[in-house]
1. Taking the residues in segment A:225-254 that are open to solvent by less than 30 Å² (accessible area, probe 1.4 Å) and within 11 Å of RNA strand B (Cβ to nearest atom) as candidates, determine which candidate is nearest to A:Tyr275 (Cα to Cα).
2. Anything in segment A:338-365 that is within 7 Å of RNA strand B (Cβ to nearest atom) and either surrounded by fewer than 19 Cβ atoms within 10 Å (Cβ to Cβ) or on the phi < 0 side of the Ramachandran plot (or both)? List them, or say none.
3. Residues that are more than 16 Å from RNA strand B (Cβ to nearest atom) and without any contact (Cβ under 8 Å) to a residue 60 or more places away in the chain: find the strands (runs of 3 or more DSSP E) completely inside segment A:163-224 holding 1 or more of those.
4. Of the numbered conditions (1) out of contact with any Gly (no Cβ under 8 Å at 6 or more places or on another chain); (2) away from RNA strand B (no atom under 14 Å from the Cβ), A:Ile677 fails exactly one; give the number of that condition.
5. Quick one: is A:Phe578 crowded, with 18+ Cβ neighbours inside 10 Å, of a type in the set (Phe, Trp, Tyr) and out of contact with any Cys (no Cβ under 7 Å at 6 or more places or on another chain)?
6. Answer with yes or no whether A:Leu583 is modelled with pLDDT under 95, under 30 Å from A:Tyr556 (Cβ atoms) and of a type in the set (A, V, I, L, M, F, W, C).
Amino acid sequence: MLSVRSWLRSFSDADEIMESEEMSIMGTKIVYNHRAIEKKWREKWEENPVNPKVDDNGKKKPKYYCLDMFPYPSGNGLHVGHWRGYVISDVWSRYKLQQGYYIIHPMGWDAFGLPAENYAIKMGVHPAKSTAENVANIKRQINDIAALYDWDMEVNTTDPNFYKWTQWIFVKMFKAGLAYEKEFPINWCPSCKTGLANEEVVNGKCERCGAEVTKKNLRQWMLRITKYADRLLNDLDKLDWPEKVKKMQTDWIGKSYGAEVDFPVDGRNEKITVYTTRPDTLYGATFMVLAPEHELAKSLATDETRDAVEKYIYDSSMKSNVDRMQDKEKTGVFTGSYAINPLNGAKVPIWLSDYVLADYGTGAIMCVPAHDDRDFEFATKFNIPIIQVIAKDGKEIENMTEAYTDASGTMINSGEWNGMESAVLKKEAPHIIEEKGIGRATVNYKLRDWVFSRQRYWGEPIPIVHCPDCGCVPVPEEELPLRLPDVESYEPTGTGESPLAAIDEWVNCKCPKCGKPAKRETNTMPQWAGSSWYFLRYVDNHNDKELVSREKADEYLPVDMYIGGVEHAVLHLLYSRFYTKFLYDIGVIDFDEPFHKLFNQGMITGKNGIKMSKSKGNVVSPDDLVRDYGCDSLRMYELFVGPPELDAEWDDRGIDGVNRFLKRLWNLLMDSKDQDIQPTKEMIRLRHKMVYDITTRLESFSLNTVISGFMEYNNKLIELAKKTGGIDKETLETIAVLISPFAPHFAEEMWEQLGHTETVFKAGWPTYDENEMKEDEIQIPVQINGKTRAVISISAEASKEDAIAAGKEAIADKLTGNVIKEIYVPKKIINIVMK
RNA sequence: GCCGCUGUGGCGGAAUUGGCAGACGCACUUGACUCAAAAUCAAGCGGGUAACACCGUGCCGGUUCGAGUCCGGCCAGCGGCACCA
């Protein structure tokens with residue numbers, strides 16, 4: 001079919017040929033014509049939207065806010081994979097609409113940031129221009145989905161009326177002490193030529209472009225997300241999110257309980273504080289390791305060790321993240337100095353090694369080789385003594401070949417702690433240490449503060465002025481937005497300066513506080529800045545006084561259902577939670593979690609699970625499929641390819657299946673609609689069962705089986721219609737409503753063909769009656785020793801005796817042994833156990 | 001290395017609380033219609049057998065009248081974290 005089509009398309013009037021062919025009338029029957037139907041209803045909806053606008057909302061109806069992650073306007077347009085999430089959220093929105101909810105289903109553009117900017121650079125056009133073009137193109141493609149989007153709510157992160165508030169939030173954070181400047185070696189992508197947040201480094205590589213991330217010492221704007229670590233962690237409990245995402249965030253925040261212990265340096269009036277989660281093993285500490293970047297690292301060297309120590313510190317600073325991670329074998333250098341174990345006075349050597357991270361804990365650790373794998377490896381390599389302090393199964397391990405890391409066993413070689421259970425001591429030790437005055441109980445997080453500035457052009461300018469007298473002064477709130485200036489050269493410089501730094505007339509300004517000459521901050525915000533709060537703006541996007549009015553926020557927010565890929569688990573979803581909590585703290589909104597329920601849809605891939613991309617040449621565009629099969633068929637096929645939460649390989653051929661289904665349903669409608677068929681008992685039963693099945697599958701988000709359910713019932717009804725000549729009107733009406741979230745144009749046409757003049761979306765979701773679903777006669781398998789030997793038909797109400805008697809009769813010739821047990825599970829099975 | 005998820009026909013995938021494994025669809029085969037093709041309709045479609053029997057849900061074992069489903073032990077693939085002390 002497709003190849004014939006493409007052959008026909010080579011003629012100039014191919015579309016007209018196809019159109020007339022499909023419009024043709026075969027006999028007296030009108031053939032399903034998706035083009036005519038979809039065009040007709042698209043126009044009708046344009047005139048009379050099925051979901052009323054915000055302002056028409058009676059405010060009495062319950063609302064449902066369904067949202068999918070907004071796209072960035074890439075130059076490649078949408079492929080069938082993008083469709084999936086949009087179809088899922090639209091199906092859910094329309095289902096909620098049928099249940100009587102007022103639906104908020106907006107769409108917008110995440111248009112600042114690297115993808116848009118890199119595309120612009122590649123094409124040699126200004127990002128503002130290419131972004132606007134790409135938005136227009138993708139908007140056209142998105143309209144093909146026929147989703148319930150309310151374009152009056154549209155937002156665009158590059159619109160000054162939007163980024164005014166992105167900047168406003170930053171100013172508020174600055175005033176709250178949550179945004180601060182810091183100079184330190186940050187993750188730097190040499191290809192994107194910008195600093196990156198920790199979350200944007202995946203396996204040592206840039207999340208965007210895959211280039212190896214290096215370190216660069218830069219002055220940076222940071223957001224103190226760590227201050228929210230506990231709340232970000234604890235509030236996960238109240239979210240209806242996939243466990244997988246909750247776990248990823250939990251691991252990323254990485255809270256651990258332990259103790260800081262102060263080790264005096266031998267012969268010096270200094271101490272080194274270490275962080276440990278295993279203070280119970282303190283007696284087993286036989287050495288100490290500092291990160292090469294530790295502030296005391298250099299000064300601990302003696303005359304004999306100085307050269308080696310300085311070389312090691314220098315070498316470490318030259319290693320990239322990837323190098324440092326991939327080093328299989330531990331390296332290190334002895335400083336020549338010793339520390340005193342504050343518990344037992346033991347003198348332990350102080351080493352430097354890059355397996356200790358400078359920015360976690362205190363940048364220094366005590367090492368207990370007997371009970372830590374890394375310490376064991378290090379001690380073995382450098383011949384450092386190993387002292388066991390936990391007895392496994394009551395005794396010391398002889399000839400230790402690996403560390404014993406379980407916290408289960410009895411303490412030994414541990415002075416007054418001897419004989420205690422290690423698991424108990426692990427909990428008590430921090431407090432004991434605190435009482436002794438040699439340390440304190442503490443917690444630590446893997447989460448780091450957020451590196452928030454980017455040395456790129458296409459982002460929100462950070463609204464800060466650097467004044468020689470006043471320091472960092474925020475741009476006054478009434479002067480926002482601070483507009484991104486137009487610039488001729490917007491390519492990244494790679495020097496650590498943003499292209500904005502080259503615009504003197506923009507950079508030079510007056511200090512808002514004292515009026516003296518000052519300079520503007522030239523870094524811009526990351527793409528996440530806009531996407532961390534955009535969902536709040538939809539419901540009040542024209543408000544020029546507030547980010548969102550409290551009235552509208554209270555009424556419409558937060559988001560009930562959020563749909564997006566799992567790739568945002570620790571980026572967008574963590575940042576959005578942080579922003580929401582901050583806005584809650586300053587009273588902008590009255591909730592502190594943005595997304596009540598989260599659904600992660602799986603990715604659509606090309607053959608063999610390869611991600612669709614232009615460079616791989618495996619991108620499938622929805623445009624041809626919409627033209628050849630229709631929006632309704634594609635919508636249904638997007639769901640039919642597999643469980644929505646799992647990845648699925650795209651195969652064009654499968655769409656024929658759903659298209660044939662719609663054609664068969666159409667033919668059933670055409671055969672039945674003018675016949676006034678009286679419903680048989682079987683039709684009524686099927687109708688109730690169908691409502692039950694479709695509804696329960698939809699509720700459990702098993703959207704692929706909803707589609708197969710439609711096919712199953714359609715097949716059954718077609719069989720039935722062969723006997724009766726058609727299907728009753730009520731059953732057909734029920735199908736039209738049930739299928740309306742999935743194939744909205746088809747449903748509307750079906751509804752109209754059945755004589756209705758109002759939209760099907762006002763029909764209301766059908767209900768079922770379990771009594772009507774019951775069958776009088778049921779088919780039930782009869783087994784001998786668990787193997788099916790016959791299938792019999794009995795009354796659904798049959799007693800155990802009657803059922804078993806009927807079952808035995810059916811397999812009488814096989815009942816040759818002694819029956820030792822007879823099992824009847826009502827309506828399920830008969831099993832005769834024989835010897 | 002640690003944590004999580006997933007293993008079912010040629011393929012995508014179905015199987016409430018354990019109860020006829022393979023629904024639904026794709027592909028394929030055959031037949032009808034057609035000069036022919038497409039479309040459509042009808043039949044078939046895990047392996048095995050002439051037909052039964054029998055064997056089949058990654059592998060090994062267990063519980064049970066009965067296991068894709070529960071338990072124990074492995075194997076493979078995918079994903080997350082990755083020296084976080």
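1. A:Gly254
2. If the condition is that a residue be within 7 Å of RNA strand B (Cβ to nearest atom) and either surrounded by fewer than 19 Cβ atoms within 10 Å (Cβ to Cβ) or on the phi < 0 side of the Ramachandran plot (or both), then A:Asp354, A:Tyr355, A:Val356, A:Leu357, A:Tyr360, A:Ile365 are the ones that fit.
3. A:179-189, A:214-223
4. Only one criterion in (1) out of contact with any Gly (no Cβ under 8 Å at 6 or more places or on another chain); (2) away from RNA strand B (no atom under 14 Å from the Cβ) is unmet by A:Ile677, namely (1).
5. yes
6. Spelling it out, it is not the case that A:Leu583 is modelled with pLDDT under 95, under 30 Å from A:Tyr556 (Cβ atoms) and of a type in the set (A, V, I, L, M, F, W, C).
Conditions (1) crowded, with 17+ Cβ neighbours inside 10 Å; (2) touching a residue at least 24 places away in the same chain (Cβ under 8 Å); (3) within 13 Å of RNA strand B (Cβ to nearest atom), marked per residue:
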| residue | (1), (2), (3) |
| --- | --- |
| A:Glu770 | no, yes, yes |
| A:Pro781 | no, yes, yes |
| A:Ser795 | no, no, no |
| A:Gly807 | yes, yes, yes |
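Let's see how each residue does on (1) closer than 23 Å to A:Arg660 by Cβ; (2) crowded, with 20+ Cβ neighbours inside 10 Å; (3) away from RNA strand B (no atom under 12 Å from the Cβ); (4) at pLDDT below 90:
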{"site": "A:Ile684", "(1), (2), (3), (4)": "no, no, yes, no"}
{"site": "A:Met690", "(1), (2), (3), (4)": "yes, yes, yes, no"}
{"site": "A:Phe701", "(1), (2), (3), (4)": "no, no, no, no"}
{"site": "A:Ser708", "(1), (2), (3), (4)": "yes, no, no, no"}
{"site": "A:Asn714", "(1), (2), (3), (4)": "yes, no, no, no"}
{"site": "A:Glu719", "(1), (2), (3), (4)": "yes, no, no, no"}
{"site": "A:Lys722", "(1), (2), (3), (4)": "yes, no, no, yes"}
{"site": "A:Gly725", "(1), (2), (3), (4)": "yes, no, yes, yes"}
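The values are calculated or read from the model by the stated rules, or taken from the named source; none is laboratory data. Please read all numbers here as calculations on a predicted model, not as lab measurements. Neighbour counts run over all protein chains shown; Cβ positions are idealised from the backbone, glycine included. Heads up: the accessible areas ignore ligands, DNA and RNA and are worked out on the full protein's heavy atoms, side chains in. Shrake-Rupley method; radii C 1.70, N 1.55, O 1.52, S 1.80 Å.
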